[in-house]
Amino acid sequence: MKKNFTKISLVAILLFVFQIVLTAQPVGSQIKTDTNGFISYWNGIDNWIPVVPGFPGQNLQITGGVAIWMNNQYGITTTAVSNVAGNTAISGGSILSDGGSKIIARGVCWSTSSNPTVALITKTTDGTGIGSFVSNISGLTASTTYFVRAYATNSEGTSYGNEESFTTTIAPVTTVSDYDGNLYDTVHIGTQVWLKQNLKTTHYKNGGAIAYPGNDNTLWGNSTSGAYAWYNNDETTYKNIYGALYNWYAVNTGNLCPTGWHVPSDAEFLILTSYLGGDGIAGGNLKETGLAHWSNPNNYATNSSGFTALPGGRRSASGTYGFINDAGFWWNSTEDYSVFSWGSVIYNNDGSAYKVSLAKPSGFSVRCLKD
């Protein structure tokens, strides 16, 4: 009996010591979970404080003696998007911790795809350090859904907040008139505003008449001043749908587009195609869909930009016409060298927007860009 009593006493003593260790005051900030899964943290003085449940994927961190659920190691949250318009919106974020290394850049990044990152050019830079900040988002496309995340960068790398999504509003359509009274709709694409139809004026914006050589191919090809043509010299069939074909000398006057508008430069056309994913796919995003005007197969056409590019063909420097329904050619204002200038072409069987250099007497379509 004595031997058994000794064993029982030792077990009781060990349990008593273990209980003392469990109930002793914690050192510093500690977190515990009870048998029901509820979490509490030690306030560092005299009490366990219950923690309100967080969301899946969050981490619990003690900051300044207070337990905070964080989406990441820096406690970044993305501000809900507000003031959404056709091409702008407002967001921002809040950073609770720098992880021990100063935040050297912060802001928001956005994309039409989920989980945007700072590797994209679509981002803001809104100061440094921890705290809250406001981000003005611009360069958006109307009627488009975007995803946005706040970010913070320090010497350890970049961390992101929760993702917010929003849809831009429909941009108001503005009607623009040229000197002849022809009316054009407009379309917002990124930071740019374009006319939605090809130009079809027969006068410069100052009222001066643009020369019309008609079916005289020699006069057309030898011209070194502004001139225009209707495809196949047929105004009735082609004017209202495809617009006029202008030589580069008409473009170079700087007076071809309506007041407040201009023929885009090569750099400005590059901004357009870059915004639409680059030359390799921009053509499809610019082309009108279907076969009403484009010949079969009109590959990769989505017209996601709203530009509604049409295949107006061209007039060559020798005066001959070609490519109607198969390709659209557009001048820009940038000269290549003495007898050539730059433009862009989109084909029915391709999704690219090709940069081309052709003779200045050639007749191309023109799209005007808002100043």
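The values are calculated or read from the model by the stated rules, or taken from the named source; none is laboratory data. Small disclaimer: the values here were computed from a predicted structure and weren't measured. All Cβ positions, glycine included, derive from the backbone under ideal geometry; neighbour counts span all protein chains shown.
Before moving on, here are some points about what is shown:
- Candidates Tyr249, Tyr300 - the one that is farther than 30 Å from Ile121 by Cβ and in the same structural domain as Thr218 (by TED's automatic domain parsing): Tyr249
- Each residue in segment 143-167 was checked for being under 22 Å from Gly86 (Cβ atoms), among the small types (Gly, Ala, Ser) and at pLDDT 90 or above, and 1 pass.
- When residues in segment 224-248 are screened for being among the aromatic types (Phe, Trp, Tyr) and part of a strand (DSSP E or B), 2 of them pass.
- Residues that are of a type outside the set (Ser, Thr, Tyr), at pLDDT 85 or above and under 23 Å from Glu268 (Cα atoms) within segment 168-197 comprise Val176, Asp178, Asp185, Val187, His188, Ile189, Gln192, Val193, Trp194, Leu195, Lys196, Gln197, listed in sequence order.
- Restricting Phe323, Phe307 to residues that are surrounded by 16 or more Cβ atoms within 10 Å (Cβ to Cβ), out of contact with any Asp or Glu (no Cβ under 6 Å at 6 or more places or on another chain) and either of a type in the set (Asp, Glu) or part of a loop (DSSP other than H, G, I, E, B) (or both) narrows the list to Phe307.
- Test for Asn206: is it assigned to a loop (DSSP other than H, G, I, E, B) and among the polar types (S, T, N, Q): yes
- Only a single criterion out of (1) part of a loop (DSSP other than H, G, I, E, B); (2) of a type outside the set (Val, Ile, Thr); (3) over 23 Å from Gly306 (Cα atoms) is not satisfied by Gly277, namely (3).
- Out of Gly313, Gly284, one residue alone is in a helix (DSSP H, G or I) and either crowded, with 22+ Cβ neighbours inside 10 Å or among the aliphatic types (A, V, I, L, M) (or both). It is Gly284.
- Of the set (1) surrounded by fewer than 16 Cβ atoms within 10 Å (Cβ to Cβ); (2) under 29 Å from the mean Cα position of the chain (by Cα), all apply to Ser333 but (1).
- Test: residue in segment 290-304 that is in contact with a Ser or Thr (Cβ under 9 Å, 6 or more places away or on another chain) and within 26 Å of Asp234 (Cα to Cα): yes
- Restricting segment 177-200 to residues that are polar (S, T, N, Q) and not in a loop (DSSP other than H, G, I, E, B), the residue that is surrounded by the fewest Cβ atoms within 10 Å (Cβ to Cβ): Ser177
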